[in-house]
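No value in this document is a laboratory result; all are computed from the given coordinates. No experiment lies behind these values; they were computed from the predicted model shown. Ideal geometry is used to build each Cβ from the backbone, glycine not excepted, and the neighbour counts take in all protein chains shown.
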Amino acid sequence: MISFSIEEIHTLSKLDSRYFGFLDVSDVKNAEVKTLIKKSITSLQDEIAICRSDGIAKLRDLKPVAVQNDVQRNENVKENILYINTHKHDMNKQETAKGHEEGIEIDINTFCKLGHLHLLLNEYPEALSAYQKYLHFCGKYWHNQYFLYGLGIVYFKLCCYKWSIKSFQELIYLNPNFPCANEVHYRLGLMLKVYGKYSAALKHFQLALIDSAPSTFSKFQVKFQIAHVYEVQNKHKAAKVSYEFLLGEKNLTLDLKAKILRQLGWMHHCVECLGEKKERETCALSFLQKSIEANPKCGQSLYLLGRCFAGMNKVHDAFLAYRNSVEKSEGNADTWCSIGVLYQQQNQPTDALQAYICAVQLDKSHRAAWTNLGILYESCGQLRDAYACYLNATKRILSKNARTEEENNEGVCVKDDAPLLMKGLDQRIKFLESQLANAPLPSITSKRRQLCSIEEAWNLPISLEMNSRQHQQSVQMQQKQMGKSNPVQGPPPPYPFNQANQGPIPVKRAKDDGAYPVQSVHTSSQHQINIVQYLQQNPSTVNNQKPHFFQQLGNQNRQIQMAERQKKSTLIDTSLTNNNKNTLSVPESIETMNASNHSFISMSPNIVNEENECKDLMNVDCKSNSTVLGICNQELSAILSEKELSGTLAEDLLKTLKEEDNMKKGANEKSDDIFEEFTNDFRKNSNNQLEEENLYNDIETLPTFKIKMDSKQLVSAVKMLPIDEPPSNYTVLQLNEPPPSPPDCPPQRLTRDQLLPPTPSVHLENKKNAFSPQLQEFCLKHPIAVVRGLAGALKLDLGLFSTKTLVEANPDHSVEVRTQVHQSPDENWDISQAKKVWACISHRSHTTIAKYAQYQASSFQESLKDERDKGSVGSQVMSDSDSKDSVSNSNINIKRKRSKSSSKMLRFGTNVDLSDERKWKPQLSELQKLPAFARVISAANMLSHVGHVILGMNTVQLYMKVPGSRTPGHQENNNFCSININIGPGDCEWFAVPDAYWGGIHNLCEKNNISYLHGSWWPVLEDLYKENIPVYRFIQKPGDLVWVNAGCVHWVQSVGWCNNIAWNVGPLTARQYALAIERYEWNKLQSFKSIVPMVHLSWNLARNIKVSDTKLFELIKMCLMQTLKNVLHTQAYVASKGVEIRFHGRGKNEASHYCGQCEVEVFNVLFIREQEKRHVVHCLACALKLSPTLQGIVCLEEYRLSELQGIYDSFTLYRSQGFGQTP
């Protein structure tokens, strides 16, 4: 057994995932630490093996015996375990001390420690294997924050961004003050930017920027990423200002300076708003040339310089720049495509053909090259070749879309010009099909072709002019093509028959340029693989005459394994990710060369997917398929490599993020200083930290907090908490609960009828029915309900909310406008009308009530005119039916509606604020006729106790609609109930899903790369039915009230011209409060602002009402206890820093406070710092990022501690029955 000195054990005990990036094991100075880590890994693996063998032997010996002294066996196993990890990061001893695997007992902390050590050695597959073991056996993984950080880093390095984001989000949610929080925020920003979630990415970059803790990246890198987010958001002026400001900074690295100049140069070339064309061209050339001077080895800058020259018709200069780019970047398909464009413009079709062939050989999915090649053939009259190229370009688009749909778990969908390109290609293909169908068969006497066919061109040698780096590029070309679905020597595109109707026929397979054909990477025999593995293990068996054969087989086997590992994935340059604007690097099509503003596709990830890539390295046993952060066996095997390829896998994965190379470069430049600073911080407080961690992580040693405690007992318990570190894990949920996550859908399989349930509805005949308790009970019992005839029963004057009355009252009142595409209610098509999608196009602007009224009226007049012209009477479609009829009627008219409205745009007037009683007194007074449970203001409405206005929630909002106006899918803010009344005169169609299925819809949004919280989405009904998700569907007529119960997912489309009014209500029920609190916490985890301040609301509820519902009381009391505990702990920590807390108080109707950085609710203890001449409120975590000692920050208190204690103690369960049900 390997032995360790006390000093070595002490050193190893401090090593965990926090040192990743700071401890450079490749540095000679750290050679001893590296050796110690390897020694420790060997020891731990030996102990695990011994423990397993002993356990198996004991199980074999004890097999005839039913049960035999488990306690003694446990003690024997303990003696064989090396406890290097002296301080445990985990939960209670009984649940986590052992991991059980087929009767074998191993300390699960061993796996976590192994993961940390492998991570520090940059052995990511091995680290993931160990972390997965730990996760499988660990009951409450979320208590081990170093594990969460290490797991997130491993997933990040292996490009499993979905899982990395999940790990990092949970870590920040559990402890915003985590020592490496800045590293987490920076990586979250990079990944969210890759996914196109720019607002969320910007928030994380800003949090990383303000953090003063040591980091592996520079502040300049963060500022560059922030500027680039502005650029991809099309905020070009803000991006330009940020880039130029960054250029003025001193100590910029040459690499980063080159990137900034490159971005500025390309922006000036593409963006018209940056000045006149000549001035922009001059600036673009200047910036790009400076970029090349800063980094002469960057082929990308040379390529963009060539694009600029080409746009200015400087052909010779463009060609030189392209040639230099090829020399630097070694085989860039984009560059070859642009070279082909130049040749084609210069009327050199043969050279253009060779350049395009180079491009598609380097990247067979290069749509622009295939399209341009088709245009070239068509211009030369070779229609069959052109047809083949267009088909191939179309096939690439469709195959990419198919992969995007299949690979939803790990895929990253990139917005590009595919829909528009697809539409144009379809038109050309149809035209060529008609031409070829009538064309005569080729004969010997036919006119000689100007260009050789694709098959011939594919096999022709490249000219000397283009072959300068072909030898160096061959290996890279093979590696790139092995990642595609086609083999290296895959066939050129198919050719169609001439006059037959049988469609295209395949041509014969082209050969590789090499001396022998390369076998398809997907058809290699297992026998060859076994031979290679045997020869590798027994090299002495290879005679002197067969070394070449052995090397050839070895290289082929390596290519096979690398192809499987790299399947369906592409290299990523996160510093140039541009998923929205398409601003970089794929060459232009000939059709768009003369356009003033070229459209391009960026150097961004197309699809990142690890499915079926390679096998498990360590045969990890991950039996649980429902682990929160874990992945199942199939997904795990897709991430880890074969054992003999582990080193190369780690190296290859490192290359997938070029930005990480820059991060590492920056870290190496200052690694000594940072590592010393980071280590000193730990050593300085090592003893205190060990004691604190043991206290923090071992639940049994923490003081117990229960809602039965009074305020004095709570104060005493808080005094036992450590104040060396800031409070963390602040939540208003139950104690020791896991981080919130979307729920699984109910497992029960539904029939077709159950997937289309009838909508609960009730018809009111008189006022007595409207005010009956049964109506409220009916509404609360169903996910959604329609109350028909409400306006008539209560004699509501809906005319007060008509467009005419609104214009007369306040014509200049603001209206938010959403510009949308008019479509059928149950359909949502992409731009090209090629397929159904979830993304709902909606552009925001503003106008006034008077102007929108004019649009609404003119739209109606135009419709009447169109119907008169067509002699149609179809204006009443779907206006007189309930939920069942609406389904059948809409299905009848799907194709007709789509053909009519596929390209028509409409304007939807939304979010008209009616909160001002001075402006809208008649309208608001009329709503007082409603029953108490549906009123805007009511004692039984939680939202009436907030104490201040929340626009659209505890105030009325109005919606002005024309046919087709859409409110995309959503749940109400913080899952509160909603009231919606149709003013008329037209109808609205509703779709709704019970709240139990919102997790399934969330997953479908992720599958379609749309943010569930931030995005605009319109569900595809077929997708919901496939996932066993039921959908209510019904028509809301004028005067009907729709009750949306807590958590119900819904989306709405207007059928006719109408206005709607809506607001939220919060019934005093345990279910409503529980759903609101759960969403409040999930929003916090997702870095999404909750506009309902649930903590502030809970204290007001405790102050204002008496609760007789036991469950509701316990939930509110838990929130009060957790909040008061956090306030006491925060005040004690602030006092320990020597910072005075000043009493500030609260003004009447003063709004609740949110952190100016992370947007979480800040209750009672406010941290104020002046920023840009404004006093900004911060939470404790963000205040500590700005100033670790809180110096320069003012701390204010809103409530006296005695007041909060009084409210807490006086809030008790009210024993009277039925109070909670009183409206």
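Quick note on region 1123-1223: its Rg to Rh ratio, both from C-alpha atoms and Rh being the Kirkwood radius, is 1.09.
Grab the beta carbon distance between residue 708 and residue 851, set R0 = 60 Å, and tell me the FRET efficiency rounded to 0.05. After rounding, the FRET efficiency stands at 0.50. Plainly put, region 1-42 has a radius of gyration that is 0.96 times its Kirkwood radius, both from alpha-carbon atoms, as the Rg/Rh ratio. Of the residues 837, 1042, 1107, 28, the one with the fewest other Cβ atoms within 10 Å heads the list, and the complete ranking is 28, 837, 1107, 1042. Projected over every direction and averaged, the convex hull enclosing the alpha-carbon atoms of region 954-1052 yields 6.5 nm². Distance from the alpha carbon centroid of region 725-757 to that of region 1071-1110 works out to 16 angstrom. Ordering of 905-915, 124-134 by packing is 124-134, 905-915, highest average first (other Cβ atoms within 10 Å, averaged per residue). Remark: for residue pairs 162/197; 157/1185; 259/328; 430/865, the C-alpha separation exceeds 23 Å in 157/1185; 430/865. Local charge for residue 997 was computed over the other residues whose Cβ lies under 11 Å away, with Lys and Arg +1 and Asp and Glu -1, and equals -3. The chymotrypsin sites (Phe, Trp or Tyr not before Pro) of region 1007-1072 include none that meets both conditions, a loop assignment by DSSP and at most 10 other Cβ atoms within 10 Å of the site Cβ. Distance between the modelled labels on residue 866 and residue 1196, one decimal in nanometres: 5.4 nm (7 Å Cα→Cβ projection). Our compactness index for region 1051-1197, the C-alpha radius of gyration over the empirical 2.2 N^0.38 Å, is 1.26.
Ranked for footprinting exposure by Cβ neighbours inside 10 Å, fewest first, 40, 1098 give 40, 1098. Projected label points at residue 276 and residue 781, each 7 Å from Cα along the beta carbon direction, are separated by 7.6 nanometres. Solvent-free Debye calculation, one equal scatterer per alpha-carbon of region 251-356: log10 I(q)/I(0) at 0.12, 0.15, 0.22 Å⁻¹ equals -0.40, -0.60, -1.11.
Applying 1/(1 + (r/R0)^6) with r as the Cβ-Cβ distance of residue 951 and residue 459 and R0 = 60 angstrom yields a FRET efficiency of 0.30.
When you filter the GluC sites (Glu not before Pro) in region 1131-1211 for DSSP loop state and at most 10 other Cβ atoms inside 10 Å of their Cβ, you are left with 1140, 1172. By definition, a body whose alpha carbon gyration tensor gives a ≥ b ≥ c is oblate when a/c is 1.5 or more and a/b is not larger than b/c, and region 156-228 fits this oblate description.
Taking Lys and Arg as +1 and Asp and Glu as -1, the other residues whose beta-carbon sits under 12 Å from that of residue 200 total +3. Based on alpha-carbon centroids, what's the gap between region 176-216 and region 782-826 in Å, whole number please? If we compute the Cα centre of each part, the gap is 42 Å. The share of Cα pairs per 5 Å bin across region 919-964, counted from zero up to the longest distance, runs 4, 19, 24, 26, 15, 7, 4, 1 percent.
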